[in-house]
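Bear in mind that the values in this text are calculations on the coordinates, not laboratory data. What you see is a predicted model; the values in this text were computed from it and never measured. Note: ideal-geometry Cβ built from the backbone for every residue, glycine included; neighbour counts use all protein chains shown.
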Amino acid sequence: MMDEGVRADEARYVMQTYKRAPVEFVRGDGALLFDQEGKEYLDLLGGISVASVGHCHPRVVEAIRAQAGELLHVSNLFYTAPMVELAKRLSESSLGGKVFFVNSGTEANECAIKIARKAARARGVEEPQIVSFASDFHGRSYGSLSATPGLAENPDFGPMLPGFRSVPVDDADALREAIDANTAAVLIEPIQGEAGVFPVADETLLAARHACDEVGALLIFDEIQTGIGRTGSLWAYEQGPVRPDVITTAKALGGGTAIGACIGNPVTGEILGAGDHGSTFAAGPVAASAALAVLGLVDDPVLLRRVRSLGAAMMERLAEMDGVSEVRGRGLMIGVGLEAGIDAGELNASLLEKGLVANAPRPDSLRLLPPFVLTDEQSDRALALIADCLDGYHPNESN
Ligand code: PLP
């Protein structure tokens with residue numbers, strides 16, 4: 001039961017941009033969440049791919065506590081060791097170039113857009129274009145929103161920025177046609193998360209890489225949801241056929257603190273110079289220390305193997321359930337397509353009532369983004385709850 005006072009105050013004082021589920025969480029531990037009455041929930045959403053090492057992982061909590069007692073903030077006008085160490089670690093674990101820090105996924109993409117436009121202008125392009133997939137999600141500030149066609153169409157917030165165009169997802173021919181001498185970058189999610197977990201085909205990724213190379217455009221992967229081990233490798237691109245020129249990350253990077261990064265290769269990491277970009281809070285000592293603790297846990301072959309094997313086992317069992325039409329994804333980034341007549345929002349609400357947190361990004365799909373510390377027993381329990389709820393739609397077959 002929700003505390004009615006909290007619900008009423010939220011309605012009175014918080015801008016009503018979210019349709020919140022009627023639960024107030026007060027504590028998290030690993031893959032478990034607890035509401036204000038002490039009811040336990042299995043968390044298969046992980047704060048939308050943020051709590052990947054689990055809620056309140058002791059090493060993350062300790063890193064935050066230790067740093068909070070030393071120094072909280074000085075701005076980016078000065079050096080701080082956690083920020084520099086984190087940049088080194090991110091660079092060396094990915095594209096090998098320089099890093100720009102931010103506070104969110106949206107801002108990481110803003111930085112990538114700036115890099116792409118500046119690089120295009122340097123090669124004489126007067127009207128640089130960024131190409132994305134029509135069903136991509138890149139964020140909600142004006143640059144990243146303009147690269148998110150589904151939201152950019154909303155006339156309430158126009159005009160969007162010029163210089164953005166989109167093609168249908170996974171249409172390699174349309175993508176090739178859209179890329180020309182004015183293209184500054186192709187900015188895409190290698191696996192679309194908010195759209196409902198749709199991996200982009202290798203053929204399309206290869207087409208994007210080749211077309212970008214032909215015209216001198218940058219290939220930018222938004223790894224905000226797919227990165228930090230979510231797909232079973234530190235970055236999703238490692239399991240695909242191409243290497244991007246820039247990647248953006250946020251979400252799980254900070255283990256629950258607000259931090260993101262735009263990571264370049266040895267060329268793209270040099271494009272922004274003094275005064276080109278900035279952020280007051282980015283990679284402050286506490287968030288950077290938390291991120292170092294997260295990377296220390298996730299950049300581990302044993303844990304990444306566990307993400308791949310647990311993900312594959314869960315996907316296999318989900319695919320066998322009555323009511324499931326398809327299962328999409330990689331590692332522990334899982335989209336569950338539902339048969340016609342099963343409303344994902346309704347199913348998600350029933351699961352929540354039974355103590356399982358998931359998400360319905362579209363009316364025909366559930367999305368699961370569990371913490372990597374989910375145990376076999378917790379996974380069994382979660383799958384049994386999903387099967388049980390789905391059986392409600394097929395009463396005759398289950399009896
Ligand atoms: N890009 C992707 C792929 C995302 O999934 C998200 C958030 O869901 C964003 C960008 C925006 O990140 P943030 O909400 O941290 O600004």
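Go through LEU318, LEU272 for me and flag whichever is more than 19 Å from the chain's Cα centre (by Cα) and closer than 22 Å to LEU187 by Cα. From the options LEU318, LEU272, the qualifying one is LEU272. Residues that are acidic (Asp, Glu) and either within 16 Å of the ligand (Cβ to nearest atom) or assigned to a helix (DSSP H, G or I) (or both) within segment 247-277 comprise just one, GLU270. Out of curiosity, is GLY124 more than 30 Å from GLY254 (Cα to Cα) and outside any helix (DSSP H, G or I)? Considered against the rule, which asks whether it is more than 30 Å from GLY254 (Cα to Cα) and outside any helix (DSSP H, G or I), GLY124 comes out as yes. Considered as a group, the residues in segment 171-199 that are more than 12 Å from the ligand (Cβ to nearest atom) and in a loop (DSSP other than H, G, I, E, B) include one that is surrounded by the most Cβ atoms within 10 Å (Cβ to Cβ), and that residue is ILE179.
Taken as a whole, the condition of being small (Gly, Ala, Ser), over 18 Å from the mean Cα position of the chain (by Cα) and not in a helix (DSSP H, G or I) does not apply to GLY139.
Would you check if GLU62 is closer than 30 Å to VAL131 by Cβ, loosely packed, with under 15 Cβ neighbours inside 10 Å and over 19 Å from the mean Cα position of the chain (by Cα)? No; evaluated as a whole, the condition is false for this residue. Residue under question is PRO285, and the condition is that it be more than 16 Å from the ligand (Cβ to nearest atom) and surrounded by fewer than 18 Cβ atoms within 10 Å (Cβ to Cβ); does it hold? Criteria not met by PRO285.
A search for C-beta distances below 6 Å between a residue of segment 316-329 that is at positive phi and any residue that is among the β-branched types (Val, Ile, Thr), counting only pairs 6+ apart in sequence or on different chains, returns GLY323/ILE342; GLY329/VAL197. Taking segment 144-156 as the range and being in a helix (DSSP H, G or I) and either within 18 Å of HIS210 (Cβ to Cβ) or within 24 Å of the chain's Cα centre (by Cα) (or both) as the test, the residues that pass are SER144, LEU145, SER146, PRO149, GLY150, LEU151, ALA152. The set of residues in segment 214-246 being without any contact (Cβ under 8 Å) to a residue 40 or more places away in the chain and either within 16 Å of the ligand (Cβ to nearest atom) or crowded, with 24+ Cβ neighbours inside 10 Å (or both) consists of LEU219, PHE221, GLU223, GLY227. Restricting GLU92, GLU110, GLU126, GLU85 to residues that are more than 16 Å from the ligand (Cβ to nearest atom) and in contact with a helix residue (DSSP H, G or I) (Cβ under 7 Å, 6 or more places away or on another chain) narrows the list to GLU85. Given ARG367, ARG381, which one is more than 15 Å from GLY54 (Cα to Cα), in a strand (DSSP E or B) and touching a strand residue (DSSP E or B) at 6+ places or on another chain (Cβ under 8 Å)? Every option except ARG367 fails the conditions.
Does ALA119 count as within 16 Å of the ligand (Cβ to nearest atom), under 24 Å from ALA261 (Cα atoms) and in contact with a strand residue (DSSP E or B) (Cβ under 7 Å, 6 or more places away or on another chain)? When the stated conditions are applied, ALA119 does not pass them.
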